[in-house]
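Please read the structure below before turning to the comments.
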Amino acid sequence: MWIRWAFQHFLKLAAANAFVICFFSAGKCAAQETLIAKNSKLPESHRRSGVGGAHEVSMTAEYSESQIKVTTYNVHFLPTLAVPFAGRRGQHEYRAAEIGRQLQGSDIIGFCEAFHKKQSDLLVKGLQETESQELHVARGPSRSGRHLTNSGLMLVSRFPIVQSNNHTFKNATRLIKHGFKNDGLAAKGVLHVRVDRESGQQLDCFLTHLESQNEKVRMAQVTELVDFIKMHRDENLPAIVMGDFNIASSKASEAEASLEYLRLVEMFNSGDAKFEDLGQGQERASGTSDAMAEGGGKRIDYIFWSNTSDCNTFLKHYQFAHAPLRDSKVSEGSLSDHCAVSCNLKIRSKLHAKQHDP
């Protein structure tokens, strides 16, 4: 028992140190901001960004500030073969169109379980209704090999997509070992998209949906995810990792972080780049796994943020929220079984920082 206790204690310390590094990095950036505010000759009102649209851009003497809204949502549009085992949620066309309308105003949206193209197209159509320019869409790994359907990953962006990559997880549960609920029937994996924001800065976005049935397989997928991020992320650009991780942030009925979550955070912060869980400690960030449950069930859907390695671009402020998107017109009571996770980000970038060439 003492060996298990010591191991758990070690992981907690490692994860805590990862958070310390994240906050230290943020503190370093905040110190730069304070220095700029003291030395700037602009009036105070001009040193603060405005409160307009989600992607508004404002300027200081040396920095630009931009605001964007990022959302991730598991929409529960399952492939036909999975419905008998993973639950039925009807009214597909209505739900797809309404989800699109409900999420209008987001600049970047990462969808999980958007398996059907017809429903995915209706989602995009609903989002497009209030947009003057065409939205940009990227999809995750497609069906291949032993997989019977695609990854269900789809990213929609107001900003142009300048680069896209994807990876299908090699580790997955299989029919012969895990039965008909195995996730290996789908080409689960990770989608990378680099977008060119209106501020002239680029942003790396990673969207994933991890294994739901087996923890050992899931953690092997986290290793693949981390390796994929290291391969495709440019540390001169800020980065977001989001999606359905199927890892509860805390133990059942306890405030204490779960061991699996601590391992996830540790692995995310094992290299030079540091990622911060934006929902950690947020008052409005309750659970996400059950839209009809009081408190939203377990928190398993996340948005992680990483500053640039040199702090030329960093997160100044953010507002975080979960939305159950309940709807009385849907027999199950909500547009999906999960809650939507949204974050309004205020990003500060150094004006003379070298821009990344696509």
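The values are calculated or read from the model by the stated rules, or taken from the named source; none is laboratory data. Note that the coordinates shown come from a computational prediction; the quantities given were computed from them, not determined experimentally. No Cβ is skipped: glycine too gets one built from the backbone with ideal geometry, and neighbour counts run over all protein chains shown.
If I filter the stretch 277-311 down to residues being over 17 Å from Gly110 (Cβ atoms) and acidic (Asp, Glu), which single residue comes out as surrounded by the most Cβ atoms within 10 Å (Cβ to Cβ)?
Asp290
Of the residues Ala273, Ala257, Ala340, Ala321, which is buried (at least 22 other Cβ atoms within 10 Å of the Cβ) and either at pLDDT below 95 or under 20 Å from the mean Cα position of the chain (by Cα) (or both)?
Of Ala273, Ala257, Ala340, Ala321, the one residue that is buried (at least 22 other Cβ atoms within 10 Å of the Cβ) and either at pLDDT below 95 or under 20 Å from the mean Cα position of the chain (by Cα) (or both) is Ala340.
What pairs can you find where one residue is in the stretch 296-320 and farther than 14 Å from Glu276 by Cβ, the other is among the aromatic types (Phe, Trp, Tyr) and buried (at least 20 other Cβ atoms within 10 Å of the Cβ), and their Cβ atoms are less than 9 Å apart, with a gap of 6+ or different chains?
Arg299/Tyr261; Ile300/Phe245; Asp301/Tyr73; Asp301/Phe245
When you go through (1) under 21 Å from the mean Cα position of the chain (by Cα); (2) surrounded by fewer than 14 Cβ atoms within 10 Å (Cβ to Cβ); (3) in a helix (DSSP H, G or I) one by one for Val124, which number turns out not to apply?
Status for Val124: all satisfied but (2).
Could you check the stretch 182-231 and list, in sequence order, the residues that are assigned to a helix (DSSP H, G or I) and either of a type in the set (S, T, N, Q) or over 14 Å from Phe169 (Cβ atoms) (or both)? Give the derivation first.
Taking the stretch 182-231 and keeping what is assigned to a helix (DSSP H, G or I), we get 183-185, 215-231.
Selection gives Glu215, Gln221, Thr223, Lys230, Met231.
Looking only at the stretch 127-163, which residues are assigned to a strand (DSSP E or B) and either of a type in the set (A, V, I, L, M) or in contact with a Cys (Cβ under 7 Å, 6 or more places away or on another chain) (or both)?
Scanning the stretch 127-163 gives Val137, Ala138, Met154, Leu155, Val156, Ile161, Val162.
Filter the stretch 235-249 for residues that are under 16 Å from Ser270 (Cα atoms) and touching a strand residue (DSSP E or B) at 6+ places or on another chain (Cβ under 7 Å) and give the result. Before you say what the answer is, go through the steps one by one.
Here is the first cut: in the stretch 235-249, the ones under 16 Å from Ser270 (Cα atoms) are 235, 239, 241.
Hits for the stretch 235-249 are Ala239, Val241.
Please work out if Phe314 is crowded, with 23+ Cβ neighbours inside 10 Å, within 21 Å of Asp234 (Cβ to Cβ) and at pLDDT below 95. Let's see the steps before the verdict.
Numbers: crowded, with 23+ Cβ neighbours inside 10 Å: yes; within 21 Å of Asp234 (Cβ to Cβ): yes; at pLDDT below 95: yes.
Spelling it out, Phe314 is indeed crowded, with 23+ Cβ neighbours inside 10 Å, within 21 Å of Asp234 (Cβ to Cβ) and at pLDDT below 95.
Which pairs do you get when a residue that is on the phi > 0 side of the Ramachandran plot, found in the stretch 99-127, comes within reach of a residue that is of a type in the set (Gly, Ala, Ser), reach meaning Cβ atoms under 7 angstrom, with the pair 6+ apart or on two chains?
So the pair list comes out as Gly105/Ala54; Glu113/Gly152.
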